[in-house]
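Inspection log for the structure reproduced underneath, given as structure tokens.
Computed from the coordinates by the stated procedures, all read-outs in this text should not be read as laboratory data. Please read all numbers here as calculations on a predicted model, not as lab measurements. All Cβ positions, glycine included, derive from the backbone under ideal geometry; neighbour counts span all protein chains shown.
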Amino acid sequence: MAVEPDIEQAEDSSTGLTRRKFLIGGAVGTGLLVAWAIWPRNYEQNVAATENEQVFGAFLKISEDGQVTVVVPQSEMGQGVYTVLPQILADELGADWRTVAVEPAPINPLYSNRLLAEQWTESFLPAGAEKIAENAAVQWMAQNVAIRDQFIVTADSTSIPAYAESFREAGAAARVLLTKAAADRWDVAWETCAVENGMISSGDKKLRFGELVRDAAIQTLPDPVPLRPAGEGHLVGQDVPRLDMPSKLDGSANFSGDIRLPDMVFAAIRQGPIGETRLKSFNRGGASKITGFIDVIKSEKWIAAVATNWWAANRALDKLSPVFETKGFMADSDRIDTALQEALDDGPGIRFVSRGDTKGQFKDDNIHRARYHADAAVHAPIETRTATAEFKDGVLELWMATQAPAAAVRAAAETLNISQDRVTLYPMLSGGSFDRNLDNEIAGQVAQIAKQMGRPVQLVWSRAEDLMHDHYRAPSQARLDAAMEKGGRVEALQIKVAAPPSSREQVKRLFDAVDNVDAMRSLIGEADGKAVAGLDVPYDIPHLTVDHHSAFVGVPTGNWRSNAHSSNVFYLESFIDELAAKAGIEPLSFRMQMMNNQPKLARCLTGVAAMAAWDGGLDGSGQGMACHSMRGGHIAIIASASRGRTGLEVSRISATVDIGRIIHPDIARQQIEGGIVFGLAMALGSATRFEDGLPTARRLRDLALPRLAEIPPIQIEFLRSDEEPVGYEELGVPAVAPAVANALFSATGTRFRQLPLFGEVS
């Protein structure tokens, strides 16, 4: 274990959803239910409604003129959640899609993401309690603690699987109430009435939803509420118009940077190198010469310039010439590489996957091994960190895009030392996020600036600031050892991954309200099961182990689109191709012979092979494949690539996908396509090295991102399925890089074992 001696261990925070709060009562297994009886069970909905609107539960309101407004608790980041979830509800309700609107949900325990809380259970528990996290009672407890602590978080492709049932039930309940109201007027049995396109009918009698909302509100629901038979509705499975699209097309959609308030000023911020950094000095006189400059606001860790426009504020920062001092560890890629290597080779590993017995399987004549590594990756959304705030009469109003609204409110309230009920958050649309908006440090910054200025302030991070103070996808290294018998059968596989405990860091920042340094130093040496996510190997390998070797890297890490799947699948699927080449078996056949227990993934492989006219991945063909299962979805990808005079040239990417029943085919396609482009960007760049406590990437052009003209044709085929829909927003990412790497090996004979593919080799 590589421990940084300059960093001291921190005490557990007592704020937020801490491990102490999670383990109420003390001992896991016996004390979890202590005090449970006094916890709230029921929560009142707090959806705002006008005089002519009637609220039907937490997710729906209908106006007297027939407007159906669906309340969505998940952040809209371009993934289409403002359309897909309303589509589920409207289908069950029997609404006319032309009358459906959407609005963000208020903060309320009713909207807690219980599925995500269950998936993150391990990250809430103390180190060493990984097996306990698999206990059903513990997962149930995590869900209920999440409800109590308003765990309203958008992450890990959970929006559809977490909320689809609730939205369907909400639509069914409102449909029954409206039907009963109509039946009372007509003196018929409500069960005989039909509901379609916003209309209740019985024979020749018809009434619109809006005519019935008042009477419907006083009706009672049967138990259970009947759901429509699957497929009876007319909206699910259709490419209905996106509800967020008209406003985005005409420019009326409000993102965080679009907010304008009376007497508002603009702020830019500067923070020092990563680590235990403090503001040492600055030159106020230089900034005073900038036209529009108003004032300087500073804290212990940052300095902000305020001006009549953002350009002037950012220029004023340069003139301020702030000087920061950093003690302890300074982020440096050479040291990061060394720390990962030492953790992998010498540090103790924690086993998270084990089947069979690998002991004695590895012999001198049957072993094949390889090492891989991935640099830290940046989020780099188009919209940098942006927030607007006004503090007046002890009340804070906050406009920002966030994937964790309750945490944003808590961050702002703690900064100002006010209660959370004195903070009103207006959740904004996000121009992409890729999980960057999980962290909410900007909420505290803009709150402090607004209070000190005494007027509304919009704080915008520059591109350089956004890249220099990201929460990066963790850098990692991996060692894979395989024992392969004659005929190409893989008898044993041993995978070791060295990486920081990123998911635990994310939880520390998000719920324990600690800063980057405290999160890192409090977790030195802790194992993290999510560091080996994506390595539940789908192949029939009798003996398998997967270990995480915790490493201190000195840069803040956290969630990133597909998280550790992005690097771990690259390691695994590239290595599988290496084994196929060693065995002299073409890659598709090599995979298929180990797919006896994965029929869905096997179907994806055979499907993409037919679609892409797979030629066997022969030397010089320039074709490569990879596959992956993730959060209930399955994907297989074939890439055609070569290394040309100007670098990597990808001529085509084909994908076959199984994501269960598809609610909105076009949005599903967009997300898989977007994930594939994201994965291609990861293969080419999206990464940074570190020098003197700062990343070397300061501008978008430093990231080696593919240009639009370099994006190849993308073919996608969805397999028909009647199973429940799964989250797919991240599914397209992980398998792209290994497919491209495998294609490059076929084309050039060179094996690339690092991300980015043409990056530095440690």
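Points worth noting:
- Table column - 3J(HN,Hα) (Hz), segment 74-81, Karplus curve with 6.51, -1.76, 1.60, x for Gly and Pro: 9, 6, 7, 10, x, 7, x, 5
- Residue separation of Ala370 and Asp184 scaled by 0.36 nm, minus their Cα-Cα distance, works out to 59.7 nm of gained length.
- Taking a sphere under 10 Å around the Cβ of Met428 and counting the other residues whose Cβ falls inside, with K and R at +1 and D and E at -1, yields a net charge of -3.
- Extension gain, Asn596 to Thr696, is 31.4 nm, computed as 0.36 nm per intervening residue step minus the present C-alpha separation.
- Annotation: average projected area of segment 654-701 is 5.2 square nanometres, based on the convex hull of Cα atoms across all directions.
- Sites Glu103 and Asn42, calculated FRET efficiency, Cβ-Cβ separation with R0 41 Å, nearest 0.05: 0.95
- Cleavage-rule hits (trypsin sites (Lys or Arg not before Pro)) in segment 611-706: DSSP loop, at most 14 neighbouring Cβ within 10 angstrom: Arg645, Arg699
- Furthest towards positive pole of dipole, Leu320, Met630, Leu396, structure part the chain, Cβ charges: Leu320
- Positive-end residue of Ala743, Ala253, Gly292, charge dipole of the chain with Cβ unit charges: Gly292
- Cα centroid of segment 297-360 to Cα centroid of segment 558-623, whole Å: 34 Å
- In order along segment 722-734, the Karplus-derived 3J(HN,Hα) couplings, from 6.51 cos²θ - 1.76 cosθ + 1.60 at θ = phi - 60°, round to 9, 7, 4, x, 10, x, 10, 4, 10, 4, x, 7, x Hz, and Gly and Pro are given as x.
- This model, with +1 at the C-beta of Lys and Arg and -1 at the C-beta of Asp and Glu, gives the chain a dipole about its Cα centre of some 1080 debye.
- Identified option (computed P(r) over Cα pairs in 20 Å bins from 0, in percent; candidates [x] 12, 24, 22, 17, 11, 7, 5, 2, 0; [y] 16, 47, 32, 5, 0; [z] 11, 37, 40, 11, 0): [y]
- With both residues required to sit in segment 604-762, DSSP beta bridges show an antiparallel share near 80%.
- Label-point gap, in nm, between Thr192 and Ser252 - each point 7 angstrom along Cα→Cβ: 4.4 nm
- With R₀ set to 41 Å, the beta-carbon distance separating Asp619 from Gln238 gives a calculated FRET efficiency near 0.35.
- Scalar couplings 3J(HN,Hα) for segment 404-411, obtained by applying the Karplus form with A = 6.51, B = -1.76, C = 1.60 to θ = phi - 60°, are 9, x, 5, 5, 5, 4, 4, 4 Hz; x denotes Gly and Pro.
- Prolate/oblate/rounded call for segment 332-371, Cα gyration tensor, a/c under 1.5 rounded: oblate
- For q = 0.11, 0.12, 0.13, 0.24 Å⁻¹, Debye-computed log10 I/I(0) when each Cα of segment 293-386 counts as one equal scatterer: -0.68, -0.74, -0.80, -1.29
- Per principal axis, descending, Cα span of segment 176-284 in whole Å: 80, 34, 31
- Segment 366-453 shape via C-alpha gyration tensor axes, a/c threshold 1.5: prolate
- From the largest down, segment 305-441 spans 74, 38, 30 angstrom on the principal axes of its Cα atoms.
- Alpha-carbon centroid distance for the pair segment 73-142 / segment 365-429, whole angstrom: 18 Å
- Prolate/oblate/rounded label for segment 606-717 (Cα gyration tensor, a/c 1.5): oblate
- A simple spin-label model places pseudo-atoms 7 Å from Cα toward Cβ; at Asp666 and Asn52 they are separated by 3.0 nm.
- For segment 684-758, the spread of Cα positions along the three principal axes, ordered from largest to smallest, is 54, 32, 25 Å.
- DSSP-defined beta bridges in segment 386-489 - what % are antiparallel, rounded to 5: 65 percent
- Calculation over all alpha carbon pairs of segment 466-622 in 5 angstrom steps from 0 returns a P(r) of 2, 8, 16, 17, 15, 12, 10, 8, 7, 3, 1 percent.
- Positive-pole candidate from Thr358, Gly198, Gly616, dipole of the chain, charges at beta carbon: Gly616
- Under DSSP loop assignment and at most 15 Cβ neighbours within 10 Å, longest GluC sites (Glu not before Pro)-free interval of the chain: 486-722
- Residues whose amide H falls under 5 Å from that of Ile716, counting only those 5 or more places apart or on a different chain, are Ala655, with hydrogens built in the peptide plane.
- Amide H contacts of Ile303 (H built 1.01 Å from N, under 5 Å, at least 5 apart or other chain): Arg270
- Calculated FRET value between Ala610 and Glu724, using beta carbons and R₀ = 25 Å, to 0.05: 0.40
- Total formal charge among the other residues, if their Cβ is under 11 angstrom from that of Val72, Lys/Arg +1 and Asp/Glu -1: -3
- Taking amide H as placed 1.01 Å from N in the peptide plane, the amide H of Arg385 sits under 5 Å from that of Trp461, each at least 5 places away or on another chain.
- Stretch gain in nm, segment Ser354-Ile218, where the contour uses 0.36 nm per residue and the Cα spacing is subtracted: 43.3 nm
- Charge context of Ile367, other residues only, Cβ under 13 angstrom, K/R +1, D/E -1: -2
- Beta bridges per DSSP with both ends in the chain, % antiparallel, nearest 5: 75 percent
- For segment 562-611, average projected area of the Cα convex hull in nm²: 4.1 nm²
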